[in-house]
Structure formats: C-alpha cells, structure tokens
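What follows draws every value from the coordinates through simple rules; no lab data is involved. Only a predicted model underlies this, so the values are computations on that prediction, with no experimental measurement involved. Heads up, the Cβs are rebuilt from the backbone with ideal geometry, glycines too, and the neighbour counts pull from every protein chain shown.
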C-alpha cells in the first residue's frame, strides 16, 4: 500500500468510514499479530489481544495525527494490551515478570531446522548484552523497523542504530574467537 | 564520527539484505565483507511459522464489536420513536413467540438450556426481548443482574459437563469464553446503568450487583482452581472484571450517602437468594407504610419483624439493620433491628436475652 493510499484510508476512517479502517487493519494486522504472538506464545490469546488492539484503535482513531504514526501508535496500544493481559494473570505470574514481559518474548526462530553454523550464531547471540540481543531479534527475526524498535524499547532511533551496530560487531568478534567459557 | 559512519553503513547493509538489494559494493570491502556475511546469515535464519490464518475471523469480530458499540444509548435516545416502534414490534413478536413456544413446549426447554445446546439462542432472544420491554432503567438493571446469575449457573453446568467428560475441552473453552464475555458485558452494563443515571443511585440495584459480584467471585474462583490452560485464563479475566464492578458498586453506595460512622452500608456477604437484601444505616424517612435509609426504601408489612424496637417507636436518625426481600419489583422489610438509639447513639446490648428485648411482629 502506498503512502497516499494509507493517508486517504486514515482520513476516511477518521470521518467514520469502517471500510477504510478495514484497509488499515489489512495493512497492519499480520505484523501486529506476529508482535503479539511472540509475546504471549498462544494463537487464540494473540488473536483476542489483536482484536482488542484494533477495537481500541478505532475508538481513538482521531488521536492519530499522521498516517506515518499509525504503526508506532498500534504497537503502543498492543504493548499496553499485552501488559494488561499479564496483569490479569498476576495470580500465576509475578509483577516482576509483568514488568519484563516485553523483554521475555518467545523466540521466532525455528530451532529444530537450524544448521550447525546457524546454531552457533544463535548460541553466540546469547552472549550479547540483553538490549543488543533484543535489537537483533526485533530487526532480523520480527522484521521491525528502527522506528518501531525505538518505540518498543523506549529509545531513540539513533540509540537503536548504535545498539544494532555494537551487536553486529560484537557478534562477529565472538564468532571469530569461537566458544568461550 | 567513524562509529557514526559505521552505524549508518551497517544499518544500510541490513536494510539492503532484507530488501534483497545489490550488495556488490560491500562485498569488495575487506573490512565490511565479513559483517555483510554475518548479516546475511542472521537474515536467513529459519523462522517459526506464525499461524495467521485467523486474521480474517478476527477482522469480523472487530467489526461486530465496533457495530455493537455504535448502537449506544445516546443514539437510541435520539431515535426514541424508533425505540417505541421497536418495543411495540417486540411486544407483538414476544407474544407470538411465547404463544408458539408454549404450544410446542420449546420456551420451557429454552429457559432450562445451557450454552452449546441448539435451543440456547432462543433463551438469549427471550432475554433480549425482556430487556427491550423493560418499563424503566431500574427494571432493566434488575433483569441484567438476573441474566448474569443465569450465565453463572450455566457456567457451572458447562464445567460440570466437562468434568464428567460429556463436553470436549475445545467446546468447553469456546462456550466458557462466550459465556464469560456475556457475563462481563452484562456486569459492565449494570455498572454503567447505576453510575450514569441522573437520579440518585438505586441502592437496591447496587446491593444486588454487589451480591452478584460475590457470587461471581465464589463461582469463578472455584472454577479457576479446577480449570487449566485457556479455560483458566478466561475465568481469571472474568474474575478481575467482577472485582472491579464490585468495587464500583460499593463506591456508588457510599457516594449515595449511606455511611454510618465511616462504615459503609453493610451488605450481606453470603445471601444465597438474590431476592434478599440487607442494609444498615441511619433512618432518613419513617412513615406508617415504609422506612428508608437514604434512597433505600423498604415497605412495611404485617410480616415485618421488629427487634429491640416496636414499630411505633421507629423514628428518623435511629440506626437500624434491615433485612429486605424484593417482591414484584418492590422491596419489603422482613426484619428491622434497632442498633443504636438516636438520642444516645449508644449501641444496644446485643447480649441481652431475647425475653428482655423488645421484639414484636406486626
């Protein structure tokens, strides 16, 4: 979908056109679903949260200033819904875990299909500082943009680029050096 | 500055790899080529298959919810004449439905049905018609509370069927999810009805809402312990909503001014019969036919029992406990106990033997 089409869809949705909102849903639902699914690890739960996210998005559609802000705004709503989901489950999950829910995402990598070299890369990835690991995961495994990653991690896009750069350099060094204790 | 260039180069390399663009320029560089290789390897790691086949169904759910929200009370007020027409049509439809149903015995079966049974949708239809025909908001709130009790009873029956192996996990989860959603919606509707009315909150309705929440808590907690997985999750969500509605109801009762020495109007915690009400507080109105604590009005009858006081001795500012019963939409006092006298505000000695207390039946 082009920028112009998205802009028109947003304007139309803001004037109450549900079909136009459907276009926005079609454009972002898969990406949002992937984001939610990796954080809750269950299809039906992720679908419920996705539905809640878009219902809230519709209710607050007039708060969006520009079509370029739509993805960040949707991620923000989804993020809050995921946190709410874990809050409701607080009888079985501690509050500390709720706070770190977004960092504790399930891996999107199909570990059973990994080759030797790929397994080694994944193992080395675990030796990176947590934030560097997260940036690699968001960028490579979840296909998020720097803008989206910045929003999820509460950082600037510049900070995301720095983390990304450091993660790649460090990973290269680790792979060159081989396994360490 | 060198790091800044590298950051941008790496960022550009990643984007180019993901977009499957031309990488030739970096392949030739001795410094950047190994980084490029690593980036390509990272980008080609196998991903798990994300099950996105339900996105179309989710879209339908979203649009259903959006459409439901659009039929708000504000809109119905604007189109009140439509509502009147609808009520008349609903009345005719209800009459026809009841006549037909009674003839073939379906209505009785429908009212006894539980989710999952083919006849169950009829039960919900009858409830909707009853709501449409409700004479006023108070009656509507009472009906919603009654329906919420129905949902709880159904929930118990469905869980029982599941535990007996008569219903599969998948079907149980589906039914529970829908029932819990209905329950949450009904509870929210009652809370909204009792908080947005222009007039003073109806304590009788609020009290029944608190009782409903207590019953929800008991039923849902018990069911949560026995359940697992997604069923447990649905029940936990419902429990949370139930807790919030209870707090809101109590808050509204307190806001209605029914407070005695920092103690809110007392609500019977374990009344099994939803038609029973218990309230305590300062008498604000006393007549031959009725007494009131704030907006909670109790009608007096020949069956009213008086403890520590005679009926003729009741007066404003006395602190009493009243047990009431709702019959035909009106609340009758079944037992009035004087707790403190208006003059002394001293608690009465509850340890006195019954023979020394003033006790009479009218």
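Applying 1/(1 + (r/R0)^6) with R0 = 41 Å to the Cβ-Cβ distance of residue B:328 and residue A:56 gives a FRET efficiency near 0.45. Across peptide A:5-11, the average count of Cβ atoms from other chains found within 10 Å of a residue's Cβ is 0. Backbone N atoms of segment B:277-291 closer than 18 Å to the 7 Å Cα→Cβ label point of residue B:310 belong to residues B:287-289.
Show me the ranking of peptides A:127-140, A:109-122 by mean Cβ neighbours inside 10 Å, starting with the highest. Write down the numbers at each step before the final one.
Working: A:127-140: 19.1, A:109-122: 13.2.
Highest-to-lowest ranking by the protection proxy: A:127-140, A:109-122.
Label-to-label distance for residue A:127 and residue A:176 is 1.3 nm, based on points extended 7 Å past Cα in the beta-carbon direction. Dividing the convex hull volume of the alpha carbon atoms of segment A:115-177 by its residue count gives 69 Å³ per residue.
Spin-label model, residue A:66 to residue B:22: label points 7 Å out along the Cα-to-beta-carbon direction sit 3.1 nm apart.
If you count, for every residue in A:165-173, the Cβ atoms of partner chains within 10 Å of its Cβ, what is the mean?
Working: counts 10, 4, 2, 11, 5, 0, 5, 5, 0.
Taking the mean over all residues of the peptide, I get 5.
Altogether, the Stokes-Einstein calculation at 20 °C and 1.002 mPa s, with the Kirkwood radius of segment A:3-88 over Cα pairs as Rh, returns a diffusion coefficient of 165 µm²/s. Put a dot 7 Å past the Cα of residue B:66, heading toward its Cβ, do the same for residue B:40, and the two dots end up 4.4 nm apart. Taking every Cα-Cα distance in chain A and sorting them into 10 Å bins from zero, the calculated P(r) comes out as 9, 31, 32, 20, 7, 1, 0 percent.
Quick one: if the Förster radius is 25 Å, what FRET efficiency do residue B:47 and residue A:42 give, using the C-beta to C-beta distance and rounding to 0.05?
It comes out at approximately 0.90.
If R0 is 41 Å, the Cβ-Cβ spacing of residue B:8 and residue A:14 corresponds to a FRET efficiency of close to 0.70.
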